[in-house]
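Note sheet for the following structure.
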Amino acid sequence: MPAAQRTWDMGLLTLVVCLVFTAACTPDRPSRPPAELVERLQRLNQDNTALVDRVGERMQALLSGELDKQNTPYVDILVLSGGADWGAFGAGFLNAWSGLPPEHPLTMPRFDVVTGVSTGALIAPYAYLREYQRADDLYRGSTPVWSNRSLVFGLFTGHGFYDISLLEELIRADLDQHLRRRLYETRGSGRSLLVATTDLDLGMLRLWDLLDEAGDAERLFAVQRAAIAVPAAFDPVLLDGNLHADAGVLMQLFVAPQPRQLRRLLEAWRRSHPGTVPHVRYWVIINNRVHEPPSTVQPSWHDTLSRSMAMMLKSGVLAPLRMLWLQVEQLRAEGFAAELRWVSIPADFPIDQTLPMFDPRTTIALSDLGRRMALSGTAWRSDVPSYTWREFEDGADVPPVEAPAPP
């Protein structure tokens, strides 16, 4: 038997033994009866629905307030996707975008709703409070020690493979010193700040209103920590008795309220305010590529698995983005003023994925990219994202987009 093959077989055997040992020593949680789990699932559905309804009510109040001021009613919704340390792209983009002058046709509006998944959830409070420079500085100042890799520790204890205690301290400090109080004070503003986690016990997305959670420092930190809990990499978090992890398990971005939910609000508005058309604009920043760049893949299980997993993650971006595009098009077909603009990391932008997570060579390069794209005036796309390759085809560029009217 070749030495290389013996080494591989021994490594595989060691991995199997470690995994068995891990299963044996991972602490157990008491199992809940199926009836209780079903009851909790029903309650989660009710809580999510009630939260989205509250967002709709706030939005209606905002529209009425704009009409009272004799302004054209606008609602602007910012959607921030997952992407781990690639969130530096979105942070840099927001920072540069916020610097465009008011007379610029693509000047940044004030966002009425901000939603975030994973790294997008980390950025979301900064975006809500317009602390764009601070968010950009956070990512540009990143260091690999934020996520020290500990494969052996993870295998033998059942904990995540990365120690993120330093990142946790940084998140907690920024929430306590700069964000939490200000978030809590905006609860009556009519605006909304939502993040998502995956409830692993119930197999469902859980939505959180960070303005409500901001009343309790520990609770707010726990929600934010759960929102970035990439499975296996970072430890999950217990919240209300259930185990929560990164919402990217289910999807890489979410919208609230969705266009189909907005339709009821807009129809009621049209009946009570004939002749006044409210404008709804979705701005989606994807801290990722929407397609994997071409690459030669070896026919080994690890190469094909790695490549397949990367492509599966992209589907978590494409599927909700395509659905949002279709729903916005349906609103437009019914005579409502709805727009969707999205931006992502170009597929051909070189990223060295051999570097450790949070390496500043990655985060600074992506922040710089986001800044350049925001200032270019041509980064926003409004076409339907496709599962087929389009980005390098002649004539497949972004169709011209009307400049938005000032809010």
Worksheet item: Has the stretch 329-343 got any residue that is within 21 Å of the chain's Cα centre (by Cα), surrounded by fewer than 17 Cβ atoms within 10 Å (Cβ to Cβ), outside any strand (DSSP E or B) and not aliphatic (A, V, I, L, M)?
Response: no
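Given the criteria acidic (Asp, Glu), surrounded by fewer than 23 Cβ atoms within 10 Å (Cβ to Cβ) and either farther than 16 Å from residue 126 by Cα or in contact with a Pro (Cβ under 7 Å, 6 or more places away or on another chain) (or both), does residue 185 qualify?
Against the criterion (acidic (Asp, Glu), surrounded by fewer than 23 Cβ atoms within 10 Å (Cβ to Cβ) and either farther than 16 Å from residue 126 by Cα or in contact with a Pro (Cβ under 7 Å, 6 or more places away or on another chain) (or both)), residue 185 does not qualify.
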Worksheet item: Looking only at the stretch 268-297, which residues are surrounded by fewer than 11 Cβ atoms within 10 Å (Cβ to Cβ), in a loop (DSSP other than H, G, I, E, B) and among the polar types (S, T, N, Q)?
Response: 295, 296
Worksheet item: For the stretch 58-91, how many residues are part of a helix (DSSP H, G or I), open to solvent by less than 20 Å² (accessible area, probe 1.4 Å) and at pLDDT below 85?
Response: 1
Item to complete: Within the stretch 136-169, work out how many residues are aliphatic (A, V, I, L, M), surrounded by 16 or more Cβ atoms within 10 Å (Cβ to Cβ) and modelled with pLDDT under 95.
Response: 3
Discussion item. Looking only at the stretch 1-57, filter to residues that are part of a helix (DSSP H, G or I) and of a type in the set (Asp, Glu); which one of those is modelled with the lowest pLDDT?
Written reply: 9
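Quick grid of which residues meet (1) modelled with pLDDT of 90 or more; (2) small (Gly, Ala, Ser):
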| position | (1), (2) |
| --- | --- |
| 257 | no, no |
| 271 | no, no |
| 284 | yes, no |
| 288 | yes, no |
| 291 | no, no |
| 296 | yes, no |
| 306 | no, yes |
| 309 | no, no |
| 313 | no, no |
Practice prompt. Could you list, in sequence order, all residues of the stretch 358-378 that are surrounded by fewer than 20 Cβ atoms within 10 Å (Cβ to Cβ) and part of a loop (DSSP other than H, G, I, E, B)?
Written response: 359, 377, 378
Discussion item. Looking at 202, 194, 220 in this structure, which one is open to solvent by less than 30 Å² (accessible area, probe 1.4 Å) and part of a strand (DSSP E or B)?
Written reply: 194
Discussion item. Let me confirm something: among 131, 39, 103, which residue is within 19 Å of residue 191 (Cβ to Cβ) and among the charged types (D, E, K, R)?
Written reply: 131
Worksheet item: What is the number of the single condition among (1) under 23 Å from residue 78 (Cβ atoms); (2) among the aliphatic types (A, V, I, L, M); (3) modelled with pLDDT under 85 that residue 396 does not meet?
Response: (1)
Worksheet entry | Residue satisfying all of: in the stretch 298-315; polar (S, T, N, Q) and either within 30 Å of residue 61 (Cβ to Cβ) or part of a loop (DSSP other than H, G, I, E, B) (or both); most open to solvent (accessible area, probe 1.4 Å) among these | 298
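The values are calculated or read from the model by the stated rules, or taken from the named source; none is laboratory data. Quick caveat, the model's predicted, so the values are computed rather than measured. Cβ atoms come from the backbone with ideal geometry, glycine included; neighbour counts cover every protein chain shown. What goes into the accessible areas is simple: the full protein's heavy atoms, side chains included, and nothing from ligands, DNA or RNA. Shrake-Rupley method; radii C 1.70, N 1.55, O 1.52, S 1.80 Å.
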